[in-house]
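Undergrad: Have a look at this one before I ask anything.
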Amino acid sequence: MNIEKKSVVSPKGDITLYTLTNNSGASVTLSSLGAGIVSVVVPDKDGKMADVALGYANPVDYIGDGPCAGKTPGRYANRIAKGKFKIGDKEYQLAINNEPNALHGGPEGFMNRIWDSEAKGSHVKFTYESADGEEGYPGNLKATVIYSWSDENELKIELLAESDKKTVVNLTNHAYFNLDGEDSGTVLDHDLQLFASHWLPTDDTQIPLGEIAEVKGTPMDFTAGKKIGSEINADFEALKIGKGYDHCWVLDNWHKHTIIKAARLSSDKSGRVLEVMTTQPGAQVYTGNWLGGCPVGKCGHPYNDYDGVAIECQGFPDAPNHRNFPCQLLGPGELYDQTIIYKFSTK
């Protein structure tokens, strides 16, 4: 494995970029800004390499970007209702940055911080120490993200955290993929299969109602696989709320610390396949409904809505306020330990 390292000056300090290239020439580039994925270059069915991860031409443009492209949101990814949650009898108030809710840990979150980093072998490790009270969250928390790139074009992400006080944690990766290449337009013609027979209905601010609903008979049913765009314009309230898919699916056969299948994304045009596996209980699928107006992409122009899809393996949104959801509490002496695997191949 070859690792190249370079530094880019930014208003927040130097951003470190790592490019890991395996024996076949496929590569990933990772950034210390938000412990993020900048590019994933893999072959199509004819062996032609292309970058399948959406991202920006200027590494500095990842700072404060609306799409949170490729980065690690936290301390709590996704939404918390009205920015409020309780631990015991104490209520905590977070910043409201997705009116009327808190999103992705706050205005800065983990995604807009420069993480400490080091590379060794086929791994890059990013660490960030979040102070007690930062963005309103309790506890000094140390977060670690370890990326591993293999000769089989498998990108493994280990998400770790420890805290000295009870707190809530939900970490994920927010990469957007287009298997035809990041400059190839819509992903609505991609095939998506989700290994999930249930999903979380929400209110009109995209906060879960607490119900775990069956997907059968609705446009949320991807169990057999279908084109992403086949029902995206259906007369279905959930799709109208977010202008497309931006919902959490409840993964089948989930057990703590067990890696399960979450999704399979494929393109007939390029023949590329992305399999997503995880230890997390949910997968938020976001079809890039608001990508328009983002910074200039690596392709030399801004992306349009639906040019990429994010499959964010995570704990459930607003779980701290729903006792029937898997618990996202982390106490002193405990280790938050989750894994996401993106495996690229061709058909």
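Undergrad: Can you pull out the residues in the stretch 68-84 that are surrounded by fewer than 24 Cβ atoms within 10 Å (Cβ to Cβ) and among the hydrophobic types (A, V, I, L, M, F, W, C)?
TA: First pass over the stretch 68-84, keeping only residues surrounded by fewer than 24 Cβ atoms within 10 Å (Cβ to Cβ): 79, 81-84.
Once the filter is applied, which keeps residues that are surrounded by fewer than 24 Cβ atoms within 10 Å (Cβ to Cβ) and among the hydrophobic types (A, V, I, L, M, F, W, C), the stretch 68-84 yields only Ala81.
Undergrad: Here's another thing I want to ask about it. Among the residues of the stretch 318-326, is any in contact (Cβ under 8 Å) with a residue 40 or more places away in the chain, crowded, with 22+ Cβ neighbours inside 10 Å and more than 19 Å from Asn98 (Cβ to Cβ)?
TA: Within the stretch 318-326 (the criterion being in contact (Cβ under 8 Å) with a residue 40 or more places away in the chain, crowded, with 22+ Cβ neighbours inside 10 Å and more than 19 Å from Asn98 (Cβ to Cβ)), the answer is no, since none of the residues qualifies.
Undergrad: Still on this model: Tell me, please, whether a residue that is farther than 18 Å from Ala238 by Cα, surrounded by fewer than 18 Cβ atoms within 10 Å (Cβ to Cβ) and hydrophobic (A, V, I, L, M, F, W, C) can be found in the stretch 206-215.
TA: So far as the stretch 206-215 goes, no, none of its residues is farther than 18 Å from Ala238 by Cα, surrounded by fewer than 18 Cβ atoms within 10 Å (Cβ to Cβ) and hydrophobic (A, V, I, L, M, F, W, C).
Okay, residues lined up against (1) free of Cβ contacts under 8 Å to residues at least 24 places away in the same chain; (2) farther than 23 Å from Asp44 by Cβ; (3) of a type in the set (Val, Ile, Thr):
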residue	(1), (2), (3)
Val187	no, no, yes
Asp191	no, no, no
Pro208	no, yes, no
Pro219	yes, yes, no
Tyr245	no, yes, no
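Undergrad: If I ask for residues that are part of a loop (DSSP other than H, G, I, E, B) and under 18 Å from the mean Cα position of the chain (by Cα), which ones from the stretch 98-145 would you list? Reasoning before the result, please.
TA: Restricting attention to the stretch 98-145, the residues satisfying the condition of being part of a loop (DSSP other than H, G, I, E, B) are 99-100, 104-113, 115, 121-122, 131-133, 137-140.
Once the filter is applied, which keeps residues that are part of a loop (DSSP other than H, G, I, E, B) and under 18 Å from the mean Cα position of the chain (by Cα), the stretch 98-145 yields His104, Gly105, Gly106, Pro107, Glu108, Gly109, Phe110, Met111, Asn112, Arg113, Trp115.
Undergrad: Can Glu182 be described as part of a strand (DSSP E or B) and of a type in the set (Asp, Glu)?
TA: Here the answer is no, as Glu182 does not meet what is asked.
Undergrad: Residue pairs, Cβ under 9 Å, 6 or more apart or interchain, first in the stretch 116-135 and free of Cβ contacts under 8 Å to residues at least 24 places away in the same chain, second surrounded by fewer than 17 Cβ atoms within 10 Å (Cβ to Cβ) and of a type in the set (Lys, Arg). List them.
TA: Short answer, once both residue conditions are applied: Thr127/Lys142; Glu129/Lys142.
Undergrad: Separate question: Select from the stretch 270-288 the residues that are of a type in the set (Val, Ile, Thr) and not in a strand (DSSP E or B) and write down the one among them that is surrounded by the most Cβ atoms within 10 Å (Cβ to Cβ).
TA: Within the stretch 270-288, the subset of a type in the set (Val, Ile, Thr) is 273, 276, 278-279, 285, 287.
After this cut, where a residue has to be not in a strand (DSSP E or B) as well, the list is 279, 287.
Values: Thr279: 21, Thr287: 28.
Filtering the stretch 270-288 for residues that are of a type in the set (Val, Ile, Thr) and not in a strand (DSSP E or B), the one surrounded by the most Cβ atoms within 10 Å (Cβ to Cβ) comes out as Thr287.
Undergrad: Turning to a different aspect of this structure: Sort out which residues of the stretch 227-238 are open to solvent by 20 Å² or more (accessible area, probe 1.4 Å) and closer than 14 Å to Val285 by Cα, and write them in order of number.
TA: First pass over the stretch 227-238, keeping only residues open to solvent by 20 Å² or more (accessible area, probe 1.4 Å): 227, 229-231, 233-237.
Result: Lys227, Gly229.
Undergrad: Then there is this: In the stretch 88-113, which residues are surrounded by fewer than 17 Cβ atoms within 10 Å (Cβ to Cβ) and over 25 Å from Asp65 (Cβ atoms)?
TA: Result: Gly88, Asp89, Lys90, Glu91, Gln93.
Undergrad: Find all pairs meeting these conditions: Cβ atoms under 7 angstrom apart; at least six residues apart or on different chains; first residue within the stretch 293-305 and over 16 Å from Val60 (Cα atoms) and touching a residue at least 12 places away in the same chain (Cβ under 8 Å); second residue open to solvent by less than 50 Å² (accessible area, probe 1.4 Å) and not in a loop (DSSP other than H, G, I, E, B).
TA: Tyr303/Gly297
Undergrad: Okay, moving on. What is the one condition in (1) crowded, with 22+ Cβ neighbours inside 10 Å; (2) part of a strand (DSSP E or B) that Glu158 does not satisfy?
TA: The one condition Glu158 does not meet is (1).
Undergrad: Could you list all residues from the stretch 300-326 that are under 30 Å from Lys86 (Cβ atoms) and more than 19 Å from the chain's Cα centre (by Cα)? If you could, list the steps in order and put the result at the bottom.
TA: The initial filter retains those residues of the stretch 300-326 that are under 30 Å from Lys86 (Cβ atoms), namely 310, 312-326.
Of everything in the stretch 300-326, those that are under 30 Å from Lys86 (Cβ atoms) and more than 19 Å from the chain's Cα centre (by Cα) turn out to be Pro320, Asn321, His322, Arg323, Asn324, Phe325.
Undergrad: For the stretch 164-175, which positions are of a type outside the set (Val, Ile, Thr) and either open to solvent by 10 Å² or more (accessible area, probe 1.4 Å) or in a loop (DSSP other than H, G, I, E, B) (or both)?
TA: Taking the stretch 164-175 and keeping what is of a type outside the set (Val, Ile, Thr), we get 164-166, 170-171, 173-175.
Asp164, Lys165, Lys166, Leu171, Asn173, His174, Ala175, listed by residue number.
Undergrad: Kindly indicate whether Lys261 is out of contact with any helix residue (DSSP H, G or I) (no Cβ under 6 Å at 6 or more places or on another chain), under 18 Å from Glu154 (Cβ atoms) and open to solvent by 40 Å² or more (accessible area, probe 1.4 Å). Break it down stepwise before answering.
TA: Numbers: out of contact with any helix residue (DSSP H, G or I) (no Cβ under 6 Å at 6 or more places or on another chain): yes; under 18 Å from Glu154 (Cβ atoms): yes; open to solvent by 40 Å² or more (accessible area, probe 1.4 Å): yes.
It is true that Lys261 is out of contact with any helix residue (DSSP H, G or I) (no Cβ under 6 Å at 6 or more places or on another chain), under 18 Å from Glu154 (Cβ atoms) and open to solvent by 40 Å² or more (accessible area, probe 1.4 Å).
Undergrad: Being in contact with a Leu (Cβ under 8 Å, 6 or more places away or on another chain), hydrophobic (A, V, I, L, M, F, W, C) and more than 30 Å from Lys48 (Cβ to Cβ) narrows it down to one of Leu335, Leu274, so name that one.
TA: After applying the criteria, what remains is Leu335.
Undergrad: Ok, one more. For the stretch 178-191, which positions are of a type in the set (A, V, I, L, M) and buried (at least 23 other Cβ atoms within 10 Å of the Cβ)? Walk me through how you get there before you give the answer.
TA: Quick first cut of the stretch 178-191, residues of a type in the set (A, V, I, L, M) only: 179, 187-188.
The answer is Leu179, Val187.
Undergrad: Looking at Leu291, Leu265, which one is among the aliphatic types (A, V, I, L, M), within 24 Å of Gly66 (Cβ to Cβ) and part of a loop (DSSP other than H, G, I, E, B)?
TA: Working: Leu265 fails: part of a loop (DSSP other than H, G, I, E, B).
When all the criteria are applied, what remains is Leu291.
The values are calculated or read from the model by the stated rules, or taken from the named source; none is laboratory data. Quick caveat, the model's predicted, so the values are computed rather than measured. Methodologically, a virtual Cβ is constructed for each residue, glycine included, from the backbone with ideal geometry; neighbour enumeration extends over all protein chains shown. Just the protein is used for accessible areas: all its heavy atoms, side chains included, with ligands, DNA and RNA removed. Shrake-Rupley method; radii C 1.70, N 1.55, O 1.52, S 1.80 Å.
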